[in-house]
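Please read the structure below before turning to the comments.
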Amino acid sequence: MGTVLDDIVAGVREDLEERRRLLPLTQLAQDAAQAVPALDALARFTAPGPVKLIAEVKRRSPSKGELADIADPAGLAADYEAGGATAISVLTERRRFGGSLRDLDAVRERVRIPVLRKDFMVDPYQVTEARAHGADLILLIVAALDDHLLRDLHQQATALGMAALVEVHDEAELERAVALGAQLIGVNARNLKTLEVDPAAFGRLAPFVPDDRVKVAESSIGGPADVTAVVRDGASAVLVGEALVTGGSPREAAAALIDAGRAATV
Ligand SMILES: O=C(O)c1ccccc1NCC(=O)[C@H](O)[C@H](O)COP(=O)(O)O
């Protein structure tokens, strides 16, 4: 039996083949060439200042089921931006997360900050697709990719002007991300193969992330106290979904997380 990640990737590949049939790569590449130029996401993440927040548009998830009925993803993203987010993460995976490229389009149109296409990227077509839909960043999950594909997708993203958030969960994956030269390294507290959460993962791995890379703590950040903890462990950015979509005001919740990061750095 496959892992949760294997299952998700299998569904992603099926959906991808359908889109590829409808829109061949040659046409998609033209769309990508005509898309709004990518914002320099890396510059925003390396700029001085308090912890950078990547705020996620997340409807549901394999671990938690339904999280939020998000009728207006662009409005949610605008609230995050007003609350001080540095970037918006838009889940585009359909089957398990209820996301879509329509969400990405809507968010891209509305906000002025970088937008991350958050999906399970396993094929160059998806990277071109991300750029065609205005993404400035893509997610590359080391656990889902062999070294060859990881390098190819990373190079492709860079060639298209995008940055890549390279996600790891353990020491071996971190070594691969560092060897790749990834500038944005995300430590996901959630094991995507088992869905178990290890809140100590960031603190354990962060010392092995070179200091010239951006260290991003991902998943299971439930509120300001968790931001304080990861910032003290060296995080310069956090990626947060559930706590923002299930809290009260997304704008205030985003601002509170950033305030906690600010307080933890002084
Ligand atoms: O969220 C899940 O259950 C999940 C399961 C399998 C693969 C990926 C999954 N989530 C993707 C993410 O990385 C999170 O959405 C992101 O880090 C935000 O996490 P959270 O703040 O805990 O919602």
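The values are calculated or read from the model by the stated rules, or taken from the named source; none is laboratory data. Quick caveat, the model's predicted, so the values are computed rather than measured. The protein model used for the area step is the full one, side chains on, heavy atoms only, and it has no ligands, DNA or RNA in it. Shrake-Rupley method; radii C 1.70, N 1.55, O 1.52, S 1.80 Å.
With each run of n ≥ 4 DSSP H residues scored as -39500 (n - 2.57), what mean residue ellipticity at 222 nm is computed for the chain after dividing by its residue count and rounding to the nearest 500 deg cm²/dmol? It would help to have the intermediate numbers written out before the result.
Working: 12 runs with 122 residues, N = 266.
-13500 deg cm²/dmol, from helical runs alone.
Debye sum, Cα scatterers, the stretch 58-147, no solvent: what log₁₀ I/I(0) at q = 0.12, 0.19 1/Å?
Values, matching the q order: -0.35, -0.87.
Would you please state the base-10 log of I(q)/I(0) at q = 0.10, 0.11 1/Å for the stretch 10-109, with intensities from the Debye formula using one equal scatterer on every alpha carbon?
Ignoring solvent entirely, the Cα scatterers give -0.36, -0.43.
What length, rounded to one decimal in nm, is gained on full extension from Val178 through to Gln34, with 0.36 nm per residue of separation minus their alpha-carbon distance?
Working: separation 144, 0.36 × 144 = 51.84 nm, distance 3.23 nm.
Contour length minus the Cα-Cα distance gives 48.6 nm.
Show log10 I(q)/I(0) for the stretch 142-266 at q = 0.22 Å⁻¹, two decimals, from a solvent-free Debye sum over equal Cα scatterers.
Those come out to -1.25, one per q.
Distance between Cα centroids, the stretch 79-121 to the stretch 1-76: provide it in whole Å.
6 Å
For the chain, what ratio Rg/Rh do Cα atoms give with a Kirkwood hydrodynamic radius? Mind dumping the intermediate values first?
Details: Rg = 16.9 Å, Rh = 18.2 Å.
We get a ratio of 0.93 for the chain.
Can you tell me the accessible area per residue over the chain, all protein chains present, probe 1.4 angstrom, in square angstrom? Please report the intermediate quantities before stating the final value.
On the way: 11480 Å² over 266 residues.
The answer is 43 Å² per residue.
With a 1.4 Å probe and all protein chains left in place, how much of the accessible area of the chain comes from carbon and sulfur atoms, in whole percent? Write out the running numbers ahead of the final one.
Numbers: 5900 of 11480 Å².
Here it works out to 51 percent.
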